[in-house]
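Notes for the one structure printed next.
FYI, it's all coordinate maths here, none of it is from the lab. These numbers were taken from a predicted model, which means no experiment stands behind them. Cβ placement follows ideal geometry from the backbone for every residue including glycine, while neighbour counts extend to all protein chains displayed.
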Amino acid sequence: MLIRKSDGVHTRSSGDVRPGARSTRARASRTRSVLKTGSAVLIAAAMVSCTDERPESSAPVPGSPTADSTELVPMLRDSGDSVLEPGRYAISVQDAPSAPLLPVLTVPDGYAALDGGVGVEPAADDSDFGGYLWAWSAYSVATHPCDIAGGPEPVGGRLERVGPSVADFADALAAQPMRTGADPVPVTVGGYDGLYVELAVPDDVNVELCPNKTFNLWAGRWQQVAGQVDMVWIVEVEGQRIILDVSYGPTATPEHVQQLRDMATTATFITAEGT
């Protein structure tokens, strides 16, 4: 099981974290769908000791066979607040607009598109952390989730480019300190082999004390509140490393978390010409 100990401690008291401090809803006025790292600032060490106890994570489920390249699947478009018709949708890959194959999700009733068509979220959920699923391509991982600005020791975190393989990326995520979650385990998604890793913000971490009020995963992707969990499937798809990321916070319902997980584990892939 993955568990990392912190370098220094700043514990939070009950009520320190403001869940709405930085919204994760996919709306034009919010910042979740187009994420950019904040400006560099000096780090004031703000982290917490993790215990040697951690909850068991549920095992990921293998995906279904890859979609036929001749199948026609509509591209997911930004739907604003509109609920999508249930069905299969190809989604864009964040930071990889020219990905040779695109993920295809089987979307149930009650979901809306994220900005840019990179994923989906529950349409009726008005909380900041009710859950969402999106696809990414990334090359750099945070060496310390609370600091990517190269602050002073003992933290001194930064974004560090990792090797090209699925294992390179998964191992770099699993090596982050101050984490609870699950070590990488083999999975198959859409007929492609990969690794699954789970990364959570410990309950006693006050993200507000990190320099940018973010708990970083990889370049452009961060968590924002204690108890937030990211379930990450990393697969090699015809030479392209694609990341399917289900993220949810303390307000997410079990039903939505399960639906998002099911969409990720049953994803297939299709050529862009098939959309």
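Are there GluC sites (Glu not before Pro) in the range 149-255 that DSSP marks as loop and that have at most 13 other Cβ atoms within 10 Å, and which are they? Walk me through the numbers before you get to the answer.
Working: sites: E160, E198, E208, E236, E238, E255; in loops: E238.
Answer by residue number: E238.
Nothing charged except the Cβ atoms of Lys and Arg (+1) and of Asp and Glu (-1): what's the magnitude of the dipole of the range 87-274 about its Cα centre? Round to the nearest 20 debye. Kindly include the intermediate steps, with their values, before the conclusion.
Values: 8 positive and 25 negative charges, 64 e Å.
That gives the range 87-274 a dipole magnitude of about 300 debye.
May I have the pair-distance distribution P(r) for the range 87-274, computed from all Cα-Cα distances with 10 Å bins from 0 and rounded to whole percent?
The percentages, shortest bin first, are 10, 38, 37, 14, 1, 0.
Just need the relative contact order of the range 87-274 here, percent rounded to a whole number, with Cα pairs under 8 Å and 6+ apart. Can you show the working numbers first?
On the way: 435 pairs, mean separation 48.2, N = 188.
Reported relative contact order: 26 percent.
Using the charge dipole of the range 87-274 (Lys, Arg: +1 at Cβ; Asp, Glu: -1 at Cβ; taken about the Cα centre), state which of S140, L195, N206 has its Cα farthest towards the positive end.
Value computed over the given set: S140.
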